[in-house]
Structures are given as C-alpha cells and as structure tokens.
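A.B. asks: Could you have a look at this structure, given as structure tokens, before my questions?
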Amino acid sequence: MVNEDVRTTAEDIAEMEIRGAATIARAAADALESQAEASDAESPAAFRAEMREAARHLRDTRPTAVSLPNALRYVLRNLEGETVRALRASATEAAESFRDQLERAQDDLGEIGANRLRDGDVVMTHCHSTDALACVKAALDDGKHIEAVVKETRPRKQGHITAEQLREWGVPVTMIVDNAGRRYLDEVDHVLVGADSIAADGSVINKVGTSMLAVSARERGVPVMVAAQTLKLHPDTLTGHTVEIEMRDETEVLADDDRKRLGNPDVENPAFDVTPPRYVDAIVTERGQFPPESIVTLMRELYGDGTTEPWTEE
Ligand code: RUB
C-alpha cells in the first residue's frame, strides 16, 4: 500500500511543485522514509514489497533527472534487518544519511566551483539549479563580488526562482529573455548551469536551452561550467542506454485558446536537452572538477554496479 505522503510527493514532483534534480531526490528519500515509518506490514517480505511499490510510484513521475532513481536505489539498497522494526529503522537511517550526503556534496562542490569564480565575475545562468547557486554562494562567502545575467527559461520561467535567490544574497541581477542569451554573452565571464543527468561520455542533460547556450558560449569564448553533484551521474549510460528526455504538457507552451486561434499547430514541449561534452569546460562535483570526457572514471568508481533496479518486483 502506497502511503499518502508518497502519493502527495509523487504528485508534487510530477506537477513541478517540487522541482530541480537535487530537491526531487531529497523529497523522494523523505517519502520513502515516511512510507517506512507509517508501514503496518506484518512481515519483512511485505515491508520490502511496500517499499518497492512506493519507489516505483515515485520513479514514474519524471524520467530525466537520474538523481531520483539514484536516491531510491540508495534507500532500498540500505534496507537491512530480519524484522519489520529493524527494516524500518534502517530506512530512516538510510534517508538521513542520504540527506546528509546531499547537503555535504552541495557544500563541497560549491567550494570547488567558487574557486573558478574571481572577484567581480559575472555569471550567466539558465533554469534554477541549487548546485550551480551553491558555487555562487561559496564565492560570496569568500568575499567575492559576483553579478548575474539570469535567463528567464521558458516555458516555466525557473529563472525567476534563480533571480529571487540571488537578490536575497545581494547579487546584482540582470534578467533577460532566453533569446537575448547570445547578445549578453559578451558581458559575462562564465556560463554556470546545473544538470539533471550526466552521461558516461560527458554529455550534460539539463533544462532545454542549455545546449543552445553552450554552443553560443563556445563560439564567444565564454567557459561553460556545469555544477553537478555525483548524484547526477547516470549509471545506465555506462551500458549504452540513453537518457530519456521528458516531454511535458503542450499547454505549458501554448494555452488552449491561443492554440485554437493559431489554427491548432502541433506543439512539442521537451523539458531537457543534451549538451555534447565538447561544449562544456568543466563539470564541478563534490569530488573535484572534471573535464567532461573524464567523468566516466568517476562514474565507474561510484556507480560501476549501479544499473540494478531494486524497486522491480521480485
Ligand atoms: C531543473 C533543471 C536544473 C537541474 C539541476 O529542471 O534543469 O538545472 O535539475 O538542479 P526542472 P539542481 O525545473 O524541470 O525540474 O542543481 O537543483 O539539482
């Protein structure tokens, strides 16, 4: 039986009330913890089956951010014990240690990313990434002055969240529409984005529009820095799988009335795109910064055996 918290979390993830790869992962771990705590399973086997079902329910919400299955895998793999009570305690412990690791990873990568930012630098952002902003925060904490050109990021305008957060930290922000990105590249020192998934060849999967920005940045000679904790490494890509790009509701692009007025054109709404490694200068993780082509070594070390799906039914 999937518990109410799991259902609500799954709905919130699907509706993007909870969004962004790291935040989704944390919410998924919290939801599994709450499933464990509320469980009245009468046997260890029934408890494990419930946890798998809850994980599947969460897994089915959004397909692109690998932090979601990585979080579910972490909690399910750490279930230990011969009794329901012991299993429940191990779920709580796993969720807690997952949250700790997530927070520590973001702090550590922030410090590393901040080393790339000099006093007075201007960054251009796309979408809203807590990993990317951790780098800005660490630079600010080091006493550096940082400014930002924030891309609006249509259709869901996550740039607004970024602008609000940066303004709270006292960062001067210039907000631009996505199409003005290339023009303002001349005025920035870095493109700074996050990632939903990183493939074994170093390709970066992030909010749609990232690849267009990265190509323009390469043409303008502006370095592209991707801030992504290792939770964003996609183990399935080690074995030749590709990352599924989520197609979202067409009304996010064109409201029904407008669409009708325009003569009912086809509409497509991919939420993410793939930036090839040649357009990325550095992937900053909590384990250091990597040229994208060498990220595969870290992926093998951390997720070499990671393509199992512990939520599938036994
Ligand atoms: C969010 C997005 C973010 C990454 C990284 O897309 O593409 O750049 O998830 O975020 P959406 P973080 O808004 O569709 O979820 O660094 O916070 O994990």
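A.B. asks: Only one of these is touching a residue at least 60 places away in the same chain (Cβ under 8 Å) and either out of contact with any Asp or Glu (no Cβ under 9 Å at 6 or more places or on another chain) or in a loop (DSSP other than H, G, I, E, B) (or both): Leu109, Leu102, Leu79. Name it. Don't jump to the end; show me each part of the working.
C.D. replies: Values: Leu109 fails: either out of contact with any Asp or Glu (no Cβ under 9 Å at 6 or more places or on another chain) or in a loop (DSSP other than H, G, I, E, B) (or both); Leu79 fails: touching a residue at least 60 places away in the same chain (Cβ under 8 Å).
None of the others qualify; the one that does is Leu102.
A.B. asks: Given the conditions (1) within 16 Å of the ligand (Cβ to nearest atom); (2) of a type in the set (A, V, I, L, M, F, W, C); (3) in contact with a Ser or Thr (Cβ under 8 Å, 6 or more places away or on another chain), report the number of the one that Val84 does not fulfil.
C.D. replies: Only one criterion is unmet by Val84, namely (1).
A.B. asks: Being away from the ligand (no atom under 12 Å from the Cβ), crowded, with 16+ Cβ neighbours inside 10 Å and not β-branched (Val, Ile, Thr): is that true of Leu140 here? Step through it out loud before you land on a result.
C.D. replies: Details: away from the ligand (no atom under 12 Å from the Cβ): yes; crowded, with 16+ Cβ neighbours inside 10 Å: yes; not β-branched (Val, Ile, Thr): yes.
So Leu140 fits the description; yes.
A.B. asks: While we're looking at this one, here's another question. Take the residues of segment 23-72 that are over 20 Å from Arg248 (Cα atoms), of a type in the set (S, T, N, Q) and assigned to a loop (DSSP other than H, G, I, E, B): which is least open to solvent (accessible area, probe 1.4 Å)?
C.D. replies: Ser39
Conditions (1) more than 27 Å from the chain's Cα centre (by Cα); (2) over 29 Å from Gln229 (Cα atoms); (3) within 14 Å of the ligand (Cβ to nearest atom); (4) modelled with pLDDT under 95, marked per residue:
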| residue | (1), (2), (3), (4) |
| --- | --- |
| Val2 | no, yes, no, yes |
| Val6 | no, no, no, no |
| Ala10 | no, no, no, no |
| Ile18 | no, no, yes, no |
| Thr23 | no, no, yes, no |
| Ala31 | no, no, no, no |
| Ala41 | yes, yes, no, no |
| Phe47 | yes, yes, no, no |
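A.B. asks: Here's another thing I want to ask about it. Can you tell me which residue is surrounded by the fewest Cβ atoms within 10 Å (Cβ to Cβ) among those in segment 94-113 that are more than 13 Å from Thr285 (Cβ to Cβ) and more than 15 Å from the ligand (Cβ to nearest atom)?
C.D. replies: Asp100
A.B. asks: Also: Please indicate, with yes or no, whether at least one residue in segment 258-267 is among the basic types (Lys, Arg), buried (at least 16 other Cβ atoms within 10 Å of the Cβ) and more than 16 Å from the chain's Cα centre (by Cα).
C.D. replies: Looking only at segment 258-267, we keep the residues that are among the basic types (Lys, Arg), and these are 259-261.
So of that shortlist, the ones also buried (at least 16 other Cβ atoms within 10 Å of the Cβ) come out as 259.
Those left that are additionally more than 16 Å from the chain's Cα centre (by Cα): 259.
Yes, segment 258-267 contains at least one residue that is among the basic types (Lys, Arg), buried (at least 16 other Cβ atoms within 10 Å of the Cβ) and more than 16 Å from the chain's Cα centre (by Cα).
A.B. asks: Taking the stated definitions as given, is Ile205 within 25 Å of Val177 (Cα to Cα), part of a loop (DSSP other than H, G, I, E, B) and in contact (Cβ under 8 Å) with a residue 40 or more places away in the chain? Step through it out loud before you land on a result.
C.D. replies: Values: within 25 Å of Val177 (Cα to Cα): yes; part of a loop (DSSP other than H, G, I, E, B): no; in contact (Cβ under 8 Å) with a residue 40 or more places away in the chain: yes.
For Ile205, the condition - within 25 Å of Val177 (Cα to Cα), part of a loop (DSSP other than H, G, I, E, B) and in contact (Cβ under 8 Å) with a residue 40 or more places away in the chain - is not met.
The values are calculated or read from the model by the stated rules, or taken from the named source; none is laboratory data. Every value quoted in this text rests on a predicted model; they were computed, and no experiment measured them. Every residue, glycine among them, receives a Cβ derived from its backbone with ideal geometry; neighbour counts consider all protein chains shown. Areas reflect the complete protein model, heavy atoms only, side chains present, ligands, DNA and RNA absent. Shrake-Rupley method; radii C 1.70, N 1.55, O 1.52, S 1.80 Å.
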